[in-house]
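Working notes for the structure below.
The values are calculated or read from the model by the stated rules, or taken from the named source; none is laboratory data. Since this is a predicted model, take the numbers as computed values, not measurements. Cβ placement follows ideal geometry from the backbone for every residue including glycine, while neighbour counts extend to all protein chains displayed.
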Amino acid sequence: MPELLSPDFCFCTLALRAKYRQLARQLAVDLEQYAPGVILVVGTDRPQDFSNCRNVWAFQLKSRGLLHCYHDKRFVLDQARSRFRTVVQLDADTRMIGQISDIASARSTLAAVHVEPLLLHVQRYSPERLPHLRKLAEKLEIDLAQVSFVGEALFALVAETAQSKAFIEQWDWIARYLELHGIHAGEGNAIGLAAAKVGLEITQPDWLAHINDDRRHLDFSESQVEPTFWQELPRRLRYHLRLTRARINAIRHFDFFYR
């Protein structure tokens, strides 16, 4: 791991597959210019691709999502939060275009740029998910009307070890529940639910807004070409294998996942 010139703060990102590794390397170059001395923690399927990036700590990570890797961000965040009190999550398809400075928060918080009531967000974009989210909120014993949706492309976890660990653990339960019920995207809902469960206040601080002003999100996922049947087939087979394993493992917690 590179020398930690900024011991309390880092960035983190998920970089699975060649295109996202390439994007993450470019992000590392940007951060070395605009946030010198700050580490970028990268969860990736090929850590060796980052061996020449002086400001990167890359660790081995295989996708664990049943269909997509959206919720795999939690594993990168988990590694980063175990070493840094403040972790800023950036999507790999992000370019930094301005100097970053004065990043700090004295209190524990889940800092975000895009925040809105979860119910309003889901009713607008994915109302078919509401029954499962309502059921999940009941199991977590939280009021869904008080939960926020958190924009997942840029957010920050600022917390001591115990609370940040609890947040990741709740995100893990929530992600597994949603995936088992066919909801594989929308991790901003899971982030908001996990924060509500552990009592982590969601804020919109100026320092994160400044980072947002100094970034450009390429949103590469929106521009990808649809795969052919034969390109898609291996992924579908892996999905059904993972789904079968996940269903078997979930039986140990039958009441939470199925009742």
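Any idea which of V158, V122 is touching a residue at least 40 places away in the same chain (Cβ under 8 Å), of a type in the set (A, V, I, L, M, F, W, C) and out of contact with any helix residue (DSSP H, G or I) (no Cβ under 8 Å at 6 or more places or on another chain)?
Going through V158, V122 in turn, just one is touching a residue at least 40 places away in the same chain (Cβ under 8 Å), of a type in the set (A, V, I, L, M, F, W, C) and out of contact with any helix residue (DSSP H, G or I) (no Cβ under 8 Å at 6 or more places or on another chain): V158.
Being farther than 18 Å from I183 by Cβ, surrounded by fewer than 16 Cβ atoms within 10 Å (Cβ to Cβ), free of Cβ contacts under 8 Å to residues at least 60 places away in the same chain and not small (G, A, S) is the requirement here; does P117 meet it?
yes
For region 174-259, which helices (runs of 4 or more DSSP H) that fit wholly inside it have 2 or more residues that are surrounded by 11 or more Cβ atoms within 10 Å (Cβ to Cβ) and under 17 Å from the mean Cα position of the chain (by Cα)?
187-198, 206-213
Looking at R85, R95, R134, R107, which one is over 13 Å from the mean Cα position of the chain (by Cα) and either among the β-branched types (V, I, T) or within 26 Å of I251 (Cβ to Cβ) (or both)?
The conditions single out R134.
Any residue at all in region 58-71 that is part of a loop (DSSP other than H, G, I, E, B), among the polar types (S, T, N, Q), touching a helix residue (DSSP H, G or I) at 6+ places or on another chain (Cβ under 6 Å) and closer than 21 Å to I168 by Cα?
Yes, region 58-71 has at least one match.
For I97, only one of the following conditions fails: (1) under 26 Å from H210 (Cα atoms); (2) surrounded by 18 or more Cβ atoms within 10 Å (Cβ to Cβ); (3) in contact with a strand residue (DSSP E or B) (Cβ under 7 Å, 6 or more places away or on another chain). What is its number?
(2)
Quick one: which residue in F84, F75 is in the same structural domain as A194 (by TED's automatic domain parsing), within 21 Å of V198 (Cβ to Cβ) and assigned to a loop (DSSP other than H, G, I, E, B)?
When all the criteria are applied, what remains is F84.
Would it be correct to say that L136 is within 22 Å of Y239 (Cβ to Cβ), touching a helix residue (DSSP H, G or I) at 6+ places or on another chain (Cβ under 6 Å) and among the hydrophobic types (A, V, I, L, M, F, W, C)?
Yes.
Conditions (1) at pLDDT 95 or above; (2) farther than 30 Å from L233 by Cβ; (3) in contact with a His (Cβ under 7 Å, 6 or more places away or on another chain), marked per residue:
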| site | (1), (2), (3) |
| --- | --- |
| E3 | no, yes, no |
| L14 | yes, no, no |
| R46 | yes, no, no |
| N52 | yes, yes, no |
| L61 | yes, no, no |
| I97 | yes, yes, no |
| A104 | no, yes, no |
| V115 | yes, yes, no |
| L118 | yes, yes, no |
